[in-house]
Amino acid sequence: MRLAVIPARGGSKRIPRKNIKDFCGKPMLAWSIEAAVASGCFDQVLVSTDDAEVAELAREYGAAVPFIRPAELSDDHTGTLPVIRHAIEWINAHSSTPVRQVCCLYATAPFVRADDIRQGLSVLDDTGSDYAFSVTSYAFPIQRAIRLTAQGRVEMFNPTHFNTRSQDLEEAYHDAGQFYWGRAEAWLQGKVIFGEDAAPVLLPRHRVQDIDTPEDWERAEWMFKAQQAQSEQ
């Protein structure tokens, strides 16, 4: 079985009810569910939540919510791995078809497209990796990053690159925070997602935005609306 798991707690401190808050005309969670369903990659699109309202909305948009996530996996300190492991174990215990591949898709990923998810599966299959996850490039060379000192001054992390031209520096990438494909065994064994046996799925910077604060949310809406307007031209 190929499974999508969308973690979607009811609680959120910085943006209350973030996962079901309206984002450009739909509940935030709906965008991820619809992309997963449209990809055609999954035998089941599952939302893992501790919240009855989130569960009801998820079902309205086509996801399965076969269980309510236990409280011990729903606090602010619970990471992604145990949530995905719990979902896999639950499905394996209640289905005659074992889970083989899993895509963790975040509930706050309105920019993700069905094609991105399909590309991630292709990368996972083609490379034989434990994981394949979305990445994007830094907008500025990290080799020229600076820190602010306790004395109110600036200091380069790597002074040797003070005179190096930007075009001569190696490009660096970071986690795009949208989806993480993996073999079920890798999830169950708790293998590190950012380990040596992970492959990148490159996304353009204009479709990547963390949404952790109200300012992030506002910026994401601007980006989303601009891209919608461009696609309608």
For the chain, calculated [θ]222 nm from helices alone, where every DSSP H run of n ≥ 4 adds -39500 (n - 2.57): -10000 deg cm²/dmol
Pull up the DSSP beta bridges for the chain and report the antiparallel fraction as a percent, rounded to 5. 50 percent
Just to confirm the filter: which trypsin sites (Lys or Arg not before Pro) across segment 1-58 are DSSP coil and have at most 13 other Cβ within 10 angstrom of their Cβ? LYS13, ARG14
So for the chain, taking the charge dipole from beta-carbon charges (+1 Lys/Arg, -1 Asp/Glu), which of ALA132, ILE33, ALA109 sits furthest toward the positive end? ALA109
Using a simple spin-label model with points 7 Å from Cα along the Cα→Cβ vector, what separation in nm is obtained for ILE146 and ARG113? 3.8 nm
On alpha carbon coordinates alone, what is the Rg over Rh value for the chain, Rh being the Kirkwood radius? 1.00
I'd like the trypsin sites (Lys or Arg not before Pro) in segment 146-219 restricted to DSSP loop residues with at most 14 other Cβ atoms within 10 Å, sorted by number. ARG153, ARG165
For segment 201-208, in residue order, the Karplus 3J(HN,Hα) values (coefficients 6.51, -1.76, 1.60; θ = phi - 60°; whole Hz; Gly and Pro = x) are 10, 7, 10, x, 4, 6, 10, 10
If you place +1 on the Cβ of every Lys and Arg and -1 on the Cβ of every Asp and Glu, how big does the dipole about the Cα centre of the chain come out, in debye to the nearest 20? 300 debye
FRET efficiency estimate (nearest 0.05) - Cβ-Cβ, LYS21 to SER95, R0 25 angstrom: 0.15
Which GluC sites (Glu not before Pro) from segment 129-233 combine a DSSP loop assignment with at most 10 other Cβ atoms within 10 Å? GLU170, GLU171, GLU196, GLU232
How big is the dipole moment of segment 123-233 about its Cα centre under a simple scheme where the beta carbon of each Lys and Arg is +1, that of each Asp and Glu is -1, and everything else is neutral? Debye, nearest 20, please. 440 debye
Provide, for the chain, the number of lysine pairs with alpha carbons under 23 Å apart, each pair being eight or more places apart or on different chains. 6
Assuming R0 = 41 Å, what is the FRET efficiency of ASP216 and ASP43, from their Cβ-Cβ distance, to the nearest 0.05? 0.80
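Only the coordinates and a few stated rules stand behind these numbers; no lab work does. Since this is a predicted model, take the numbers as computed values, not measurements. Neighbour counts are summed over all protein chains in view; Cβ atoms, including those assigned to glycine, are modelled from backbone coordinates with ideal geometry.
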